[in-house]
Amino acid sequence: MKRIHLVELEDLPWFPAVLRDGGTSYLELVLRLSGHARMLAPTLAAAMKRTGSTEIVDLCSGGGGPVRIVVDALAEGGLPVTARLTDLYPNTPAHAHIAAASGGRISFERAPVDATAVPANLKGFRTIFNAFHHFQPDAARRILADAMHARQPIGVFEVVSREPLPLFGMFTAPLGVTLTMPFWRPFRWQWILWTWIVPIMPLFVVWDGLVSWLRVYGEDELRELISGLNDPGYTWEIGRIRLGDAPAHATWLIGTPAGAASAPAAEAGAAG
């Protein structure tokens, strides 16, 4: 089926930050427990080695969880990097918490950063983890074009795909939210009210999860996005990653400036 772009509550400017931050904290915990974020590291590591990049500029960081996991996995694999968290709606408490625990490997921007027009002073390998689906095709293409014109590499990763197993997981989210809320970090006492007393948080997470599932770009749709981004000095690649033994896959799109040779990757399809 083709993607359907319904409205995610966390995208709305008026949506309460305490709920938005709770949702991203829940997702960070799920990614850490599932190990799915770590499975993205080898593909990113190969691209960073090709481009000689040692700094990540993470866009649409949300709670920052995937970046922390991936940076740790890269270091364990022999590729120590630094990362800078950015977002249009910065979750400053969460970003500060991650930065403080990172041993100097992760920093963050306090000012809003628009992924379609990244400031020139933020140089490095741009990444977007599990957030590209928030953008309509025109805006998504502007994000990719901005990286291409700035001659900065970019990697877009989504661990959710439009497959049956991730969809089933969305319907179990209310129970997961209710049981795991005390373990979200940095913890906020307001979450007790909105999860256990007035169950707004579980309903919000399941709604945005279902909409995310419908919004995720498939491989063919990613190819459509890059079809007009023709530049002999820039190369695009698209592929997917099997998430362990489960019948589910992550998708990725990587753009690199000229001079970075294409690297083999499981289930990858070149789209230069």
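Semi-axes of the equivalent ellipsoid for the chain, please: Cα gyration tensor eigenvalues, times 5, square-rooted, ordered largest first, whole Å. Let's see the in-between values first.
On the way: eigenvalues 162, 85, 63 Å².
After diagonalising the Cα gyration tensor, the semi-axes are 28, 21, 18 Å.
Given the C-alpha centroids of region 167-181 and region 99-163, what is the distance between them in whole angstrom?
So the separation of the two Cα centres works out to 27 Å.
Please turn the phi angles of region 10-21 into ³J(HN,Hα) values with the Karplus equation 6.51 cos²θ - 1.76 cosθ + 1.60 (θ = phi - 60°), one per residue in order, whole Hz, x for glycine and proline.
Values, residue by residue: 5, 7, 7, x, 7, 5, x, 4, 5, 6, 4, 5 Hz.
Relative contact order of the chain, please, whole-number percent, based on alpha carbon pairs below 8 angstrom and at least 6 residues apart. The partial results should precede the final answer.
Numbers: 459 pairs, mean separation 60.4, N = 272.
It rounds to 22 percent for the chain.
Under a crude label model (7 Å from the Cα following the beta-carbon direction), how far is Lys49 from Leu229 in nanometres?
2.4 nm
Pick out which of Ala120, Ala99, Ala150 has the largest mean-square fluctuation in a Gaussian network model of the chain, springs linking Cα atoms closer than 10 Å.
Highest fluctuation of the listed residues: Ala120.
Could you identify which residue out of Ile56, Ile197, Ile69 has the top mean-square fluctuation in a GNM of the chain using Cα springs shorter than 10 Å?
Ile197
For Phe171 and Ala117, compute 0.36 nm times the residue count separating them, minus their Cα-Cα distance, and round to one decimal in nm. Show your work: numbers first, answer last.
On the way: separation 54, 0.36 × 54 = 19.44 nm, distance 3.53 nm.
Net length gain for the segment: 15.9 nm.
Run the numbers on region 1-144 and let me know its relative contact order in percent, using alpha-carbon pairs under 8 Å that are six or more apart.
Details: 181 pairs, mean separation 34.7, N = 144.
Relative contact order comes out at 24 percent.
Label Leu6 and Val18 with points 7 Å out from Cα along Cα→Cβ: what is the distance between them in nm?
Here the modelled spin labels are 2.7 nm apart.
Determine the relative contact order of region 81-234: mean sequence separation of Cα pairs under 8 Å and six or more apart, normalised by residue count, in whole percent.
Working: 155 pairs, mean separation 33.0, N = 154.
Taking the mean separation of contacting Cα pairs over the length of region 81-234, I get 21 percent.
Please rank Leu6, Leu74, Leu167, fewest neighbouring Cβ atoms within 10 Å first, as an exposure proxy. Kindly include the intermediate steps, with their values, before the conclusion.
Numbers: Leu6 12, Leu74 22, Leu167 16.
The order, fewest Cβ neighbours first, is Leu6, Leu167, Leu74.
Bear in mind that the values in this text are calculations on the coordinates, not laboratory data. These numbers were taken from a predicted model, which means no experiment stands behind them. Note that each Cβ is placed from the backbone with ideal geometry, even for glycine, and that neighbours are counted across all protein chains shown.
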